[in-house]
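The structure under discussion appears below in the form of structure tokens.
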Amino acid sequence: MSTLSIKHLVKEYVPGKPVLKDISLDIEGRGITAIIGPSGTGKSTLIRCVNRLINPTAGEILFEGQDLAKLSGQPLREARRRIGMVFQEYNLVERLTVMENVLSGRLGYMNAWAAWRRKFDEADIQKAFALLKRVGLADFANRRADELSGGQRQRVGIARAVMQSPGLLLADEPTSSLDPKTSVEIMEVMRDLAAENNIPVMINIHQVDLGKRFAQRVIGMSGGLVVYDGTPDGLDSDILKKIYGGQDWLAT
Amino acid sequence: MTSASLEMQRWIRFTPLQRLARFAVFFVMAAAVAWALKTIEIIPEFLYDAPEQVVDMGSRMWPIDWEHFWPAVWPALVETMHMSAMATILGLMMGIPVGFLAAGNATPFLWVNLIAKFILVATRSISTLIWALFFVAMFGPGPLAGALAIAFHSIGFIGKMFSEAVEESNRGSIEALQAAGATRMQQIIMGYWPQVLPTFWSVALFRWDINVRESAVLGLVGAGGIGMALNAAIDLIQWQRVALILLTIFIVVILIETIVTQIRKKVI
Amino acid sequence: MNVASLADKSIVTRADFFAPSLGKRLAYVAVFVYLVYAAATLGLSLDRIEKGVGYGVRFLAGFFPPNFTETDIIPGLLESLQIAFLSSLIGTALAIPIAVLAARNLMPVWVSWLARLLIIFCRSFHPVIVAIIAVKAVGFGALAGIIALTFASIGFVGKLLSEAIEEISKKQIEAVRATGASFMNVIAYGVVPQVMNRFIGFVAYETDSNLRNSTMVGVVGAGGIGGTLFSAFQRFDYNFVAGIILCIIGLVMIGEVLQIYVKRVFR
């Protein structure tokens, strides 16, 4: 059984103008699935529909035996706990410390009073320290998030997502705000952490080369539809033309 | 398990010193409130009686005495508007120089700064009503006393905002002027003033908004405006007129706030 | 180099200064004409100014030496302090939930609309006007002052806090929501850290302002030093008036110093 199964997903922000037109996908087991496609084709919308930061218009999102599209309230929050998310602009709570940001991955399991007083489980705290060490920020635990560089922030973002012990990791263009070298480092951190924890990753990515380099599977989207689904090696210039349109940009 | 616990790291959100400081602040606040609650003189019967009294007062306010508007409330309202406009201009004229004197970078004389800062705190500490008592005694009852009272009270606010804006202004252009041999006055006009101009507009508008509210109460001590009409109505126990005046103040204040927000959006 | 940049700058400001649009010019002229007219309605005359300044000088002379000995000052000041503390506490406690309800990015339209109306209502009336009404409702004394300043606090903190909440970054909230956090946890980790600093500033200012206003509501019988001050004024005891005013200024200054300390602790 696949981890995540999306069936006939449709999203319309304006009635009659669908951004996502009938998307069906299965994400299996482990490894990285990269979604590529031009800006505005609904990649972000697709990712956000999975953990319901955006509500889909129609379709099913099956994850761990539940249809996420139909959940709300407490069951939805419980489902979200099982899905980690890494954001393009890191989305750390800037005025909190690095440690508080990482530990906020456990918020779904805490009542408001304990959360307010920062009474986290000792085991969670140790795990957070281990994760920070793993992403190379062992000495930054008590620094405020807004003191960090972009690459460091994204490392904290990944640690926060993994802290949830999720069954699926979503990443919405995690490298688009970073320089090329840092982008590769972040992708390596994400790949390795996901592999160590057996988490499948679904990632939106702008840079085709990064997608090809790190993903086991590439999904090409264009105009709200899936136009390619296969291995990175299968991405030849014909298919890229189909995804992004035109061809002048391919000539170098 | 044992090897893990050997490596256990402790995570605390604040350093002991921060904790102590926070605890001290909370403790002092709690103590102050406890002291206030324990010693304040409140007559319990008055407190229990309050809801009934409020309902009674509300019922006596209805129906609102609309007839009263044109003969008495409108002229008082116009006077209030004049008073607050004049007070804002006067307040700016007095507050801005003091603000420049209080700013350490525009006026590099420590004792001048300190005196100016004292003026800012002192004018702000004395409330409009008390200023009004003075000016009514000096110039007799009427809107002149009211305008002066609000103007003197606004010196503190206007001056504080200005001195902060001046202190934050960019050194570069001032140094350029100094290098060109500009006098201190020229530095202020050519260097600081353009930089604090946005502050000028926002402070002027913000203070005008406050001053309208302030000028609505000054009539209580005879300093003119709609407060005088309110005072008369309360003294004569004409609650239906009180209701009319309160409603008028409410609407005017909302109107002014809307206007100020619109101007701010367009100008700043 | 410096001279060149200076020249650039002055050209820009001049161009800005001398080329306002026609509409702007008309607005300036209209404002100026109005101010002249308004000044005329105040009834200024040289004779009046001369007399007034004469009285003023006599006043100032009457202030010396300020009289601090009277035993009325301390109880009055303490009552003002009590009013300021309690109204700040109650006002802030009520303002927080109202501000959350009034924030358009957290609440449905009709809820925020109602809460905003309440805030506008509290803001519209000067504390002294509320105090007059409160005195009629609950009688003379500190309770009326507390009610009046509580109203003002709700209006002030409620407005600024709801605006601060509306300006927070949605991205940070989105991230906290994505972890499966409950509404209260989203508030605690997504909203509170973003507004805390400004909130402390508002409350500090509010307490400062309540302290100043608590010395005033006594004029209409709502407790505190204001009543003492007003009666001293009415019996022309200007030495005592000066003593009270200096005490008030001292109190407000102490408050400002404390404010700086508290802000530093919570930064």
What residue, of A:Ala128, A:Ala115, A:Ala161, is crowded, with 21+ Cβ neighbours inside 10 Å, within 14 Å of chain C (Cβ to nearest Cβ), touching a strand residue (DSSP E or B) at 6+ places or on another chain (Cβ under 8 Å) and small (Gly, Ala, Ser)? A:Ala161
Please give the number of the condition C:Gly218 fails out of (1) within 19 Å of the chain's Cα centre (by Cα); (2) open to solvent by 30 Å² or more (accessible area, probe 1.4 Å). (2)
Flag for A:Gln164 being of a type in the set (S, T, N, Q), modelled with pLDDT of 90 or more and more than 20 Å from the chain's Cα centre (by Cα): no
Of residues in region B:116-127 being in contact (Cβ under 8 Å) with a residue 12 or more places away in the chain and more than 8 Å from every other protein chain (Cβ to nearest Cβ), the one most open to solvent (accessible area, probe 1.4 Å): B:Lys117
Considering each of C:Ser162, C:Ser153, C:Ser169 in turn, give the residue that is of a type in the set (Ser, Thr, Tyr) and surrounded by fewer than 21 Cβ atoms within 10 Å (Cβ to Cβ). C:Ser169
If you go through region B:84-91 one residue at a time, do you hit one that is at the interface with chain C (Cβ under 10 Å from one of its Cβ atoms) and open to solvent by 70 Å² or more (accessible area, probe 1.4 Å)? no
How many residues does region A:72-88 hold that are modelled with pLDDT of 90 or more and either hydrophobic (A, V, I, L, M, F, W, C) or in a loop (DSSP other than H, G, I, E, B) (or both)? 8
Condition met for B:Ala76 (closer than 30 Å to C:Thr41 by Cα and of a type in the set (A, V, I, L, M)): yes
Name the residue that is nearest to B:Glu214 (Cα to Cα), counting only residues in region C:206-248 that are among the acidic types (Asp, Glu) and touching a residue at least 60 places away in the same chain (Cβ under 8 Å). C:Glu206
Flag for B:Thr261 being among the polar types (S, T, N, Q), out of contact with any Pro (no Cβ under 6 Å at 6 or more places or on another chain) and without any contact (Cβ under 8 Å) to a residue 24 or more places away in the chain: yes
Among the residues of region C:1-30, what is the count of those that are within 11 Å of chain B (Cβ to nearest Cβ), surrounded by 12 or more Cβ atoms within 10 Å (Cβ to Cβ) and either closer than 23 Å to B:Ile89 by Cβ or at pLDDT 55 or above (or both)? 1
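Residue-by-condition table, conditions (1) in contact with a helix residue (DSSP H, G or I) (Cβ under 8 Å, 6 or more places away or on another chain); (2) basic (Lys, Arg); (3) more than 30 Å from C:Ile74 (Cβ to Cβ):
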| position | (1), (2), (3) |
| --- | --- |
| B:Val25 | yes, no, no |
| B:Val28 | no, no, no |
| B:Ala36 | yes, no, no |
| B:Ser59 | no, no, yes |
| B:Pro63 | yes, no, yes |
| B:Ala72 | yes, no, yes |
| B:Ala87 | yes, no, yes |
| B:Gly99 | yes, no, yes |
| B:Ala103 | yes, no, yes |
If I ask for residues that are in a loop (DSSP other than H, G, I, E, B), within 10 Å of chain B (Cβ to nearest Cβ) and open to solvent by 80 Å² or more (accessible area, probe 1.4 Å), which ones from region C:39-79 would you list? C:Leu44
Among B:Gln178, B:Gln187, B:Gln195, which is open to solvent by less than 20 Å² (accessible area, probe 1.4 Å), over 29 Å from C:Asn210 (Cβ atoms) and either part of a helix (DSSP H, G or I) or without any contact (Cβ under 8 Å) to a residue 12 or more places away in the chain (or both)? B:Gln187
Test: residue in region B:54-69 that is surrounded by 13 or more Cβ atoms within 10 Å (Cβ to Cβ), closer than 30 Å to B:Leu148 by Cβ and touching a residue at least 24 places away in the same chain (Cβ under 8 Å): yes
State the number of residues belonging to region B:40-53 that are open to solvent by 70 Å² or more (accessible area, probe 1.4 Å) and within 7 Å of chain C (Cβ to nearest Cβ). 4
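The values are calculated or read from the model by the stated rules, or taken from the named source; none is laboratory data. From a predicted model like this one, the values you see are computed outputs, not experimental measurements. Virtual Cβ from ideal backbone geometry, glycine too; neighbours counted across all protein chains shown. The protein model used for the area step is the full one, side chains on, heavy atoms only, and it has no ligands, DNA or RNA in it. Shrake-Rupley method; radii C 1.70, N 1.55, O 1.52, S 1.80 Å.
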